[in-house]
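What follows is a short report on a single structure.
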Amino acid sequence: MPNKEALARRSAKKKKKKKLSFSRVVLLAVILVGIVLAFVGCGYMAGAVYSLPEWDPQKLEGSESTIIYDREGQPASRIYSEENRTPVILKDLPPYLPDAFVAIEDHRFFSHHGVDVEAVGRAFVANIKGGIGAEGGSTITQQLVKNSFLTPEKTFKRKIQEAILALQVEHRYSKDEILEFYLNRIYFGDGTYGIQTASQHYFDKSADELSLAESALLAGIVRSPNNYNPNQSKEVAKKRQELVLNTMAKNGNITQQEAEQAKQEELQYKEGATASYSYPYFTDHVISETEKILQKQGVAPETCQALIYRGGLKVYTSLNPQVQQKMEDVFSNSANFPKDQKDKQVQGAMVLLEHRTGEIQALVGGRKHTQQRSFNRATQAKRQPGSAIKPLVVFAPALEKGYSPALSLLDAPVTIGKDTFHNFDRKYSGWITMRTAVQWSKNTYAVRLLHNLGIDYGLEFAKKLGISSFDPRDRNLSLALGGITYGISPLEMAGAFGAIANQGVFIEPHSVIKIVDRNGTVIYDAHPQKRVAMSEQTAYIMTDLLQTVVKSGTGTRAQLNRPVAGKTGTTEHTKDIWFMGYTPEFTGAVWMGFDQEETMGSGAAGGTYPALIWKAIMQKATEGIPVRNFQKPSGITTTAICTKSGKLANAFCPDTHLLKEVFVDGSLPRETCDLHVQAEICADTKLLANPYCPHKIKAVFLKGEKTENGLPKEVCTKHGPEDEQEEISVKVCTDPRHNGVLYLANIPGLLETGGCPHEFIEERKFKVGEAPKTRCPLQDHMVEKKSLFPKDPKEPKDPNNNND
């Protein structure tokens, strides 16, 4: 019994020990984790302190410029905020201006010591729920040090450093000094830094002249300049302004009545003068492209701006400064553009790229650059392309699908459904091949071909060439003529034609080659998107067709001393005119038109002003480059065809309708021309001759054409059996001395000699009454009687007898 009790006690102790052991393990684990976290936290804190940037008071006022390099690695342009920043003194500003910023950005600014603990706590909870960066708890002081000393990354380490530096700033400077630093450094969008420059940029006035309404709008921008910028959306900016005014009233900075009055004020936005930089349109595009690159790497939009304007980046680009300068000079010369109308200036844009790499060599977005990040027509304008789109949605897709350049279609008005399509000049050429249609930009041919090809196929093909602005409403045959909803930018057009020039390979046009940060670390290396958009053979044949446009078609003004392929484009009422062209080295796109779509009048066409500008720039770009031909791929053959039927020539095809055409191996025509035929027509009626027509002409005609050369469809009805008469055969003398007059030949009879020589005698048929009636009057053709007795040779001759 005692043994049983002892066993029971030992068993109970074991169970009790197990339970206590588990609790102790959990407690120990918690303690250990706490110790580890404490050590990690201390280490993290120590690391943040150790890597704290060196204290430099001058950084509160300055920044590092970003340098843009050209394709040779030489500095071409500098971007830095001070170019667009004018400092102000706080006491010179109206009091409601700094109050607006404090109210919306940091309403406890005057009570904390650089870090707002309550805001930090709120942000900590938000970041736990939504991830790091979900909500910021930065004070005005923290924002100042972030822009002055730190990188834009959103990490706990950077937040720790931000807090430490904020405490240092608060210790060294008064609140008014900090607020003045802040107002002179903060970013307001569009490349503008500081309240003075923002005031000039948005309202064309000095900061000390700003109204309460204007001050509230500017204060609302800084939280997210890309979203609350009035140049991006006036409606969004207005709502943000009203929030600022309500917050100011809530905090007691202004009364609610003053807030309501400010809300009713109509804001007059203007763009004041700002400093420019070298190659401004190209530089603006580099800035935009750099922003997109950084955002793809996860950098916030407003942080991208800080990096570009203040981060000391080195941006290496494809800029060709000599060609860029030439382009800017050409665009600044009014003689290169159609005349202004009603005080409105015809605008223009151009892009030149090296299609083998996709690198943009030069770019101009208007005739005059007015300010940083102004509207860039080369990249932002979406304009109707007119006939310049035909190679992209009709001809190249057709070649890729197996149609040959010998395809013959009727050039005549065409009605499909409810729509009737005409040529631009209302002139038509009957049956023509693809080459002629491209050469003279025939609308009816393009519409017929797209109808056969399929609209969807044409659209999808153009998308492979980088055209991104199509709309579902563009799914109609007007697509063949460039009639689309939103239009296409010159940059996209250059990229698309560049793919044809690059043997069918599309490379995303780009200007940024490499980006290096202020520490020398490469943060971006260009690897542009590439894709095969068409076969080498399709690209070569399309290029060969486009060469005809420049050699002898609508684009002859673009001719150079080297091979050129090109396409003109002129929209209805000449609201937009284009020239797209390329050499074996470069592709260029030129557009002209009014900003508000209006007609440019007579004399404006894609083959005039745009083609001449293209030529001037391409001459500069190819200067010193050896002349070479477009590379011919394997699988191409050449053969003679009839340009009317698109088939092999027959015996009746005239030389003027014969052409050596290029084909993909295996796609040569197998049939012989059936359009050129020989027929007999009535000389009087010009209709097909009937058996009774007295005068018939044999000639070569074209079947199916309503032209002078067209084969008549009707048979002559003027002549009938009553016109048929008995014919007689007579012998006539054709001696040249008759001067074409026919005489009955003198034929010697029995016991006669002489008469017309046999070489001048012809037997001809005449209708009764039409045969000659007079005999040959020539003396040496006369007939004489034969003498029955021969004359004595010694007898003297009769001097009156001339016949020997």
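The values are calculated or read from the model by the stated rules, or taken from the named source; none is laboratory data. Given the structure is predicted, the values throughout are model-derived calculations rather than measurements. Using ideal geometry, Cβ is built from the backbone for each residue, glycine included, and neighbour counts are taken over all protein chains shown. Areas reflect the complete protein model, heavy atoms only, side chains present, ligands, DNA and RNA absent. Shrake-Rupley method; radii C 1.70, N 1.55, O 1.52, S 1.80 Å.
What residue, of Ser374, Ser441, is in contact (Cβ under 8 Å) with a residue 40 or more places away in the chain, of a type outside the set (Phe, Trp, Tyr) and more than 18 Å from Ser478 (Cβ to Cβ)?
On the way: Ser441 fails: more than 18 Å from Ser478 (Cβ to Cβ).
Only one candidate passes the filter, namely Ser374.
So how many residues does region 631-651 have that are under 22 Å from Glu400 (Cβ atoms), open to solvent by less than 30 Å² (accessible area, probe 1.4 Å), in a loop (DSSP other than H, G, I, E, B) and not small (Gly, Ala, Ser)?
Result for region 631-651: 1.
Quick one: which residue in Trp614, Trp591 is open to solvent by less than 10 Å² (accessible area, probe 1.4 Å) and either touching a Pro at 6+ places or on another chain (Cβ under 8 Å) or farther than 23 Å from Ile360 by Cα (or both)? Even if it seems obvious, please write down each step before you answer.
Details: Trp614 fails: either touching a Pro at 6+ places or on another chain (Cβ under 8 Å) or farther than 23 Å from Ile360 by Cα (or both).
After applying the criteria, what remains is Trp591.
Name the one entry in Ser224, Ser233, Ser206, Ser174 that is under 44 Å from the mean Cα position of the chain (by Cα), of a type in the set (Gly, Ala, Ser), over 30 Å from Gln295 (Cα atoms) and surrounded by fewer than 23 Cβ atoms within 10 Å (Cβ to Cβ). Walk me through it before giving the result.
Details: Ser224 fails: over 30 Å from Gln295 (Cα atoms); Ser233 fails: over 30 Å from Gln295 (Cα atoms); Ser174 fails: under 44 Å from the mean Cα position of the chain (by Cα).
Going through Ser224, Ser233, Ser206, Ser174 in turn, just one is under 44 Å from the mean Cα position of the chain (by Cα), of a type in the set (Gly, Ala, Ser), over 30 Å from Gln295 (Cα atoms) and surrounded by fewer than 23 Cβ atoms within 10 Å (Cβ to Cβ): Ser206.
Provide a single number: the residues in region 521-541 that are closer than 22 Å to Thr317 by Cα, part of a loop (DSSP other than H, G, I, E, B) and either hydrophobic (A, V, I, L, M, F, W, C) or in contact with a Leu (Cβ under 9 Å, 6 or more places away or on another chain) (or both).
Matching residues across region 521-541 total 1.
Looking only at residues that are under 60 Å from the mean Cα position of the chain (by Cα) and among the aliphatic types (A, V, I, L, M) in region 710-761, which one is most open to solvent (accessible area, probe 1.4 Å)?
Val715
Can you tell me how many residues within region 296-313 are open to solvent by 10 Å² or more (accessible area, probe 1.4 Å) and touching a Lys or Arg at 6+ places or on another chain (Cβ under 8 Å)?
1
Spot the failing condition for Ser602; the list is (1) part of a loop (DSSP other than H, G, I, E, B); (2) under 30 Å from Thr638 (Cα atoms); (3) free of Cβ contacts under 8 Å to residues at least 60 places away in the same chain, and only one is missed.
Answer for Ser602: the failing condition is (2).
Among the strands (runs of 3 or more DSSP E) contained in region 386-432, which hold 3 or more residues that are in contact with a helix residue (DSSP H, G or I) (Cβ under 8 Å, 6 or more places away or on another chain) and surrounded by 16 or more Cβ atoms within 10 Å (Cβ to Cβ)? If you could, list the steps in order and put the result at the bottom.
On the way: elements: 409-411, 414-416, 419-421, 430-432.
Fully inside region 386-432 and qualifying: 409-411.
Kindly list the number of the only condition in (1) polar (S, T, N, Q); (2) touching a residue at least 60 places away in the same chain (Cβ under 8 Å); (3) surrounded by fewer than 19 Cβ atoms within 10 Å (Cβ to Cβ) that fails for Thr521.
Of (1) polar (S, T, N, Q); (2) touching a residue at least 60 places away in the same chain (Cβ under 8 Å); (3) surrounded by fewer than 19 Cβ atoms within 10 Å (Cβ to Cβ), only one is false for Thr521: (2).
For region 460-510, which positions are hydrophobic (A, V, I, L, M, F, W, C) and in a loop (DSSP other than H, G, I, E, B)? Steps first, answer last, please.
We begin by selecting, within region 460-510, every residue hydrophobic (A, V, I, L, M, F, W, C); these are 461-462, 465, 467, 470, 477, 479-481, 484, 488, 491, 493-494, 496-497, 499-501, 505-507.
Scanning region 460-510 gives Leu465, Ile467, Phe470, Ile484.
Identify all residues within region 758-770 that are closer than 17 Å to Asn739 by Cα and in contact (Cβ under 8 Å) with a residue 12 or more places away in the chain; write none if there are none. Explain how you work it out, then say what you get.
Kept after step one, since they are closer than 17 Å to Asn739 by Cα, are these residues of region 758-770: 759-762.
Passing the criteria: Phe760, Ile761, Glu762.
Go through region 194-241 and report how many residues are more than 16 Å from Pro95 (Cα to Cα) and not in a helix (DSSP H, G or I).
Residues of region 194-241 that are more than 16 Å from Pro95 (Cα to Cα), as a first pass: 194, 197-198, 200-205, 220-241.
Now narrow it down to the ones that are not in a helix (DSSP H, G or I): 194, 204-205, 222-224, 229-233.
Number satisfying all stated conditions: 11.
Would you point out which residue out of Val351, Val346, Val394, Val364 is among the β-branched types (Val, Ile, Thr) and within 24 Å of Ser535 (Cβ to Cβ)? Please lay out each step first, then the result.
Numbers: Val351 fails: within 24 Å of Ser535 (Cβ to Cβ); Val346 fails: within 24 Å of Ser535 (Cβ to Cβ); Val364 fails: within 24 Å of Ser535 (Cβ to Cβ).
Going through Val351, Val346, Val394, Val364 in turn, just one is among the β-branched types (Val, Ile, Thr) and within 24 Å of Ser535 (Cβ to Cβ): Val394.
Scan region 433-459 for residues that are outside any helix (DSSP H, G or I) and not charged (D, E, K, R) and report the count.
Total satisfying the criteria: 4.
Just wondering, is there one or more residues in region 536-545 that are of a type outside the set (Gly, Ala, Ser) and either touching a His at 6+ places or on another chain (Cβ under 7 Å) or under 25 Å from Phe282 (Cβ atoms) (or both)?
Within region 536-545, the subset of a type outside the set (Gly, Ala, Ser) is 536-538, 540-545.
Among the residues that remain, those that are also either touching a His at 6+ places or on another chain (Cβ under 7 Å) or under 25 Å from Phe282 (Cβ atoms) (or both) are: none.
No, region 536-545 has no match at all.
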